């Protein structure tokens, strides 16, 4: 039986009516830009917090997952900010199959050339396939995603990539490793406490790798900090 990695992106549960772009993952994008957006929205008389919603499915996710996925007795669990860590986790744990729950396919954006870039949060799954580190990728898109499987026909036609619906999934998959990522460049800091609650509700000990805590206190930032955030 092939070893399996279950990889879950927190943005699977978060939705917004606005498009906020794609960003490199660094302190500027996971922290400063959120303050910048907050300040800019406030100037317009808007509350950015109301622009993001957390799906109630986050509360029942693990109960539903356990109907289709069986965790090994010593299943390893890793938590990080960047989803790129799944590339390393899959290789180091000899996983040949990946099951991904995400708002993005992470197969690479921009065609075949994107798989020649260094590993990042947007191409890690595509690189695992290209490097022949895994044999199969199974993608469960978020109900709120704006992506479509046909966007990736350039890679779908080469590798064993399957787009699945958890409501029609009738298999029982044995999981060896789990990776939960926050994707702070795309998920707002005011939902971080609920992310930790989501992680803890899995009920399995986990190891945190490079997932810095974010302090969200927009009501107590100095004028100089506001200026710095607006320059982000």
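The values are calculated or read from the model by the stated rules, or taken from the named source; none is laboratory data. As the structure is a computational prediction, the values presented were derived from the model and not from experiment. Because the Cβ atoms are built from the backbone with ideal geometry, glycine has one as well, and the counts that use them run over all protein chains shown.
Values as computed for the structure displayed
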| quantity | calculated |
| --- | --- |
| Exclusive hit being touching a residue at least 24 places away in the same chain (Cβ under 8 Å) and in a helix (DSSP H, G or I), set 64, 50 | 64 |
| All positions within region 32-47 that are in contact with a helix residue (DSSP H, G or I) (Cβ under 7 Å, 6 or more places away or on another chain) and either under 17 Å from residue 9 (Cβ atoms) or in contact (Cβ under 8 Å) with a residue 40 or more places away in the chain (or both) | 32, 34, 35, 36, 38, 39 |
| Residues located in region 130-175, provided they are part of a loop (DSSP other than H, G, I, E, B) and touching a helix residue (DSSP H, G or I) at 6+ places or on another chain (Cβ under 6 Å) | 133, 134, 142, 159 |
| Test result for residue 178, in contact with a helix residue (DSSP H, G or I) (Cβ under 8 Å, 6 or more places away or on another chain), at pLDDT 95 or above and crowded, with 19+ Cβ neighbours inside 10 Å | no |
| Residue 123 being surrounded by 15 or more Cβ atoms within 10 Å (Cβ to Cβ), touching a residue at least 12 places away in the same chain (Cβ under 8 Å) and closer than 24 Å to residue 65 by Cβ | no |
| Residues satisfying the stated conditions in region 152-168, i.e. farther than 25 Å from residue 89 by Cα and in contact (Cβ under 8 Å) with a residue 40 or more places away in the chain | 154 |
| Candidate set: region 1-29, residues that are touching a helix residue (DSSP H, G or I) at 6+ places or on another chain (Cβ under 8 Å) and surrounded by fewer than 23 Cβ atoms within 10 Å (Cβ to Cβ); chosen: the one modelled with the highest pLDDT | 14 |
| Selected residue [closer than 25 Å to residue 59 by Cβ and surrounded by fewer than 14 Cβ atoms within 10 Å (Cβ to Cβ)] from 220, 167 | 167 |
| Subset tally (residues that are surrounded by 15 or more Cβ atoms within 10 Å (Cβ to Cβ) and within 18 Å of residue 11 (Cβ to Cβ)) for region 146-159 | 2 |
| The lone exception for residue 111 - which of (1) within 20 Å of residue 208 (Cα to Cα); (2) surrounded by fewer than 14 Cβ atoms within 10 Å (Cβ to Cβ); (3) in contact with a helix residue (DSSP H, G or I) (Cβ under 7 Å, 6 or more places away or on another chain) it fails | (1) |
